[in-house]
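The next block holds one structure in the form of structure tokens; read it before the comments.
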Amino acid sequence: MERAARLQGLLLGTAVGDALGLPLEGLSPRRAGRLFPGEPRMRLLPGTGLVSDDTEHTLLVAASLCRHPDDAQAFARDLARGLRWWLLALPAGVGWATLRATLKLWLGVPPARSGVWSAGNGPAMRVALLGAFLADRERQLEAHVRAATVLTHRDPRALVGALAVARLAAAIMAGAPLSRRRLLALLAGCGPADREWRARLALLGRALRGNWPAARLAGAYGLQRGVSGYIYHSVPMAIHCWYRHQQNFRTALTEAVKLGGDTDTVAAIAGALAGLSVGEAGIPRDWLTGLRDWPRGRRLLARTATALAEGGPAPDYCWPALALRNLLFLLVVLAHGIRRLAPPY
């Protein structure tokens, strides 16, 4: 598969997972199944999916990567500038750690010191693209991932989780077969001295060896009411959903969305990995056509993938419209939240 097709699959897969999971975010699997029965579909508006910070941050990373593919420090400064303006447009969904870190950036704190002590999943949701783009430059990959992580999160566990996603994306991009043993060794190398990470991986290995459904692994992690925003929960669950269904995007994302909890981020990470595996052609048409966001929609995602593949500049879009779009998005989310208060329970 061509490099551009894989990158396009990654970006579109991120957005599709984000949009599918967003309406169910914060719900338990049981409540989500009763409120929204049937298979996942675009439903934030009838037949329409909109994206949140998972996709927005990935696009910010893409733009900074287009401008600074070889200099991690310049990349970090550019990404910090992008985050500052992203917050100024009043996005509806902002993680608490990201909010505090971005406010510190506005106060003049440099990117290397702006991160707050948090092991939230913010870094993991935006770094798959770094792994895919820098797959043949391991040292550069790690420098960029570290820069993108400490910008908002400085808990060492955040870096372990982000490295796991990025290195896995790099391995997929390289095209080498990933046996279960090789997958677990790759992930273990991201935090070899972290006992909790190794314990999470041991359980993930048991699940893959026994071909457990994702819900069973979630139960073994104690996540029966949904996957939390803790990076050591979201990353192993997203990887499990992807690994069992590497060539079946629909099945991988369906499992991710039905886990409940932080569904948009888990599905966005799984969608990035699955999209990288199958390319844009492997993403279900009904999900792609239902993705109707603007100005950061399907067209911008495709143009961004082309720019990355060809070494071109980051594509322009109508960024002054973002504040209006975010206001409308907030109204939609509030209306959706009111709907979720109603039965069936």
Task: helices (runs of 4 or more DSSP H) within region 53-150 that include 2 or more residues among the charged types (D, E, K, R) - done: 53-67, 72-88, 96-106, 138-150
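Let's see how each residue does on (1) of a type outside the set (Val, Ile, Thr); (2) touching an Asp or Glu at 6+ places or on another chain (Cβ under 7 Å); (3) in contact (Cβ under 8 Å) with a residue 24 or more places away in the chain; (4) surrounded by fewer than 24 Cβ atoms within 10 Å (Cβ to Cβ):
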| residue | (1), (2), (3), (4) |
| --- | --- |
| 231 | no, no, yes, no |
| 235 | no, no, yes, no |
| 247 | yes, no, yes, yes |
| 250 | yes, no, yes, yes |
| 273 | yes, no, yes, no |
Task: Residue satisfying condition, being loosely packed, with under 12 Cβ neighbours inside 10 Å, more than 18 Å from the chain's Cα centre (by Cα) and on the phi < 0 side of the Ramachandran plot, within set 295, 284, 320 - done: 320
Open item on the list: If a residue counts only when it is farther than 27 Å from residue 177 by Cβ, which helices (runs of 4 or more DSSP H) contained entirely in region 226-308 have at least 3 such residues?
Closed with: 263-278, 285-290
Task: Residues located in region 184-200, provided they are in contact with a Leu (Cβ under 8 Å, 6 or more places away or on another chain) and more than 16 Å from residue 162 (Cβ to Cβ) - done: 184
Open item on the list: For region 1-39, which positions are in a helix (DSSP H, G or I), over 12 Å from the mean Cα position of the chain (by Cα) and not aliphatic (A, V, I, L, M)?
Closed with: 3, 6, 8, 9, 23, 29, 30, 31, 33, 34
TODO: Within region 41-57, identify whether any single residue is under 19 Å from residue 143 (Cα atoms) and buried (at least 24 other Cβ atoms within 10 Å of the Cβ), and answer yes or no.
DONE: yes
Task: Answer from 186, 201 - the residue that is buried (at least 18 other Cβ atoms within 10 Å of the Cβ) and part of a helix (DSSP H, G or I) - done: 201
TODO: Please specify each residue of region 313-332 satisfying the condition of being touching a residue at least 12 places away in the same chain (Cβ under 8 Å) and either small (Gly, Ala, Ser) or assigned to a helix (DSSP H, G or I) (or both).
DONE: 314, 319, 321, 322, 323, 325, 326, 327, 329, 330, 332
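No lab work stands behind these numbers, since they all come straight from the coordinates. This structure is a prediction, so every number in the text was calculated from the model and none was measured. Virtual Cβ from ideal backbone geometry, glycine too; neighbours counted across all protein chains shown.
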